[in-house]
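Quick notes on the structure that follows.
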Amino acid sequence: MKFQIEKAIEILSQTPVTVKSLLGNLSDDWTINASDSENWSPFDIVGHLIHGEKTDWIPRAEIILAQGEILTFEPFDRFAQFEKSKSKTLSELIETFAVSRTENLVILHEMNLTEEKLKLKGIHPELGEVTLEQLLATWTVHDLNHIKQLATALARKYAENVGVWKQYLSILQ
């Protein structure tokens, strides 16, 4: 499918709704666990999504659009949520994510992106040259990746309880 900003926004606008629907009424038994850099809890995943809203997608898009002397993005701390989410509840994180995403979608709309703007480039500190289109497509797929990660983290809670059916449950493979 060819990238279209309107199609990306369809996913980006639904992610907070999906997260709240999936996690909003669950007990801590489902959403919090001793996590690490390999196996994030749903709580950690939502914290990560918030950190991305504040420091990744829109700030990097603004760097690309500015086309000034500094085109290199600030490095993104993929594990910042472990510290930044401390002392918060999952409900607070879900609400913060929804508000941040709404604000970022307003900013994205106000960028009035054209095909020419989508071709503009910035420099990722690890990956090198990237286009605005690639950044926005990645933001969209990043959301979907973490929705899958949320479902997988929840499914793992019953991985040992499903018995012989485990072989039929690809989410547990």
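Summary table
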item	result
Whichever residue in region 6-61 is within 12 Å of the chain's Cα centre (by Cα) and aliphatic (A, V, I, L, M) and, among such residues, is surrounded by the fewest Cβ atoms within 10 Å (Cβ to Cβ)	I11
Search result, residues across region 128-158 that are exposed (fewer than 12 other Cβ atoms within 10 Å of the Cβ), at pLDDT below 95 and not acidic (D, E)	G128
Selection count, region 65-98, where residues are surrounded by 13 or more Cβ atoms within 10 Å (Cβ to Cβ), aliphatic (A, V, I, L, M) and either part of a helix (DSSP H, G or I) or touching a residue at least 40 places away in the same chain (Cβ under 8 Å) (or both)	6
Checking V106 against (1) surrounded by 13 or more Cβ atoms within 10 Å (Cβ to Cβ); (2) in a helix (DSSP H, G or I); (3) of a type in the set (V, I, T), the condition it does not meet	(1)
So F43, is it of a type in the set (F, W, Y) and modelled with pLDDT of 95 or more	no
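Conditions (1) of a type outside the set (K, R); (2) without any contact (Cβ under 8 Å) to a residue 24 or more places away in the chain; (3) within 18 Å of W40 (Cα to Cα), marked per residue:
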| residue | (1), (2), (3) |
| --- | --- |
| L108 | yes, no, no |
| L113 | yes, no, no |
| K117 | no, no, no |
| T140 | yes, no, no |
| A155 | yes, yes, yes |
| Q173 | yes, yes, yes |
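The values are calculated or read from the model by the stated rules, or taken from the named source; none is laboratory data. Keep in mind that this is a model prediction, so the values were computed, not measured. With ideal geometry, Cβ positions are generated from the backbone for all residues, glycine too; neighbour counts draw on all protein chains shown.
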